[in-house]
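The values are calculated or read from the model by the stated rules, or taken from the named source; none is laboratory data. Nothing here was measured: the structure is a model prediction, and the numbers come from that model. Counting neighbours? That spans all protein chains shown, and the Cβs are built from the backbone with ideal geometry, glycine included.
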Amino acid sequence: MLTISPIPAFNDNYIWHLKRDGQQWVVDPGDAAPVVEALGDRPLDGILITHHHPDHTGGIAALRKRYDCPVYGPASIDGVTRPMAAGDNLEVLGLPVEVIDVPGHTLDHLALVLRETDSGSANGIHLFCGDTLFAAGCGRLFEGTPAQMYASLGKLSALPPETRVYCAHEYTLANLKFAAAAEPGNNAIDNRIAEVEAMRADKRPSLPSTIGEELATNPFLRCHVPAVARRAAERAGKENTDEVEVFASLRRWKDNF
Ligand SMILES: [Zn+2]
């Protein structure tokens, strides 16, 4: 059986810890110490990396030294031993993983879709999206253009609605407050705020999310909705219904929210 759990790191990062049949992998280990602690007596069998930012890669060297495991990630990153690119199909913990390129937050950003072929359930698709898609939000545009990021988010939102979404940060509540400002009157957003407030009050992670929840509450996936486009136009001071323009206006607004 596959289990996926978050290892908290730094202020608000999650390093995702995958276990199956006694094997263990992690995604985006920005720090080695909490990973070593979470692994217990068993070794680390592999590392997956989504993009080059230090809070996702900082633990690679120490973990490699200790466990000598393969590191799959974008080719340009120090410490990556198995470069990956869009369209690659890997096997992780005996399960198929598809690699998708999602430039925008950074140009090297990859997302990983793991299919749990033996679960027989609708919950068997797992998306590791790094800093591209967040619960009710998306990553900042450090390197890519709005058009690139919007296309990347489109690839992720086209996954089946039951796909579980494992983002790399606990940003959900702040993102939902922005979502409520970007689309007042969307009851799904108000309901999700209440749910996530209860989770956080209990110190539980708000993740994973699902693609279905994101389609209903994430303003960056709702640029086609007239009410969202209208609010973005008000903020930008110009009417625009082009989805990439709506996305760009929302992203600029969120940067200063
Ligand atoms: Zn990042």
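Does residue 153 satisfy being closer than 23 Å to residue 255 by Cβ, within 16 Å of the ligand (Cβ to nearest atom) and in a helix (DSSP H, G or I)? Criteria met by residue 153. Inspection of region 157-166 finds no residue satisfying the criterion of being in contact with a Cys (Cβ under 7 Å, 6 or more places away or on another chain) and part of a helix (DSSP H, G or I). Within region 36-56, residues that are in contact (Cβ under 8 Å) with a residue 12 or more places away in the chain and assigned to a loop (DSSP other than H, G, I, E, B) reach partners that are more than 16 Å from the ligand (Cβ to nearest atom) and basic (Lys, Arg) with beta carbons closer than 8 Å, at six or more positions or on different chains, in the pairs 44/66.
Take residue 71 and decide whether it is closer than 16 Å to residue 27 by Cα, without any contact (Cβ under 8 Å) to a residue 24 or more places away in the chain and out of contact with any Pro (no Cβ under 8 Å at 6 or more places or on another chain). The answer is no for residue 71.
Checking each residue in region 90-114 for being away from the ligand (no atom under 16 Å from the Cβ) and acidic (Asp, Glu) picks out 91, 98. Within region 52-76, restricting attention to residues that are surrounded by fewer than 16 Cβ atoms within 10 Å (Cβ to Cβ) and within 15 Å of the ligand (Cβ to nearest atom), which residue is modelled with the highest pLDDT? This residue is 54.
Picking from residues in region 21-51 that are away from the ligand (no atom under 16 Å from the Cβ), at pLDDT 95 or above and of a type in the set (Asp, Glu), the one that is surrounded by the most Cβ atoms within 10 Å (Cβ to Cβ) is 45.
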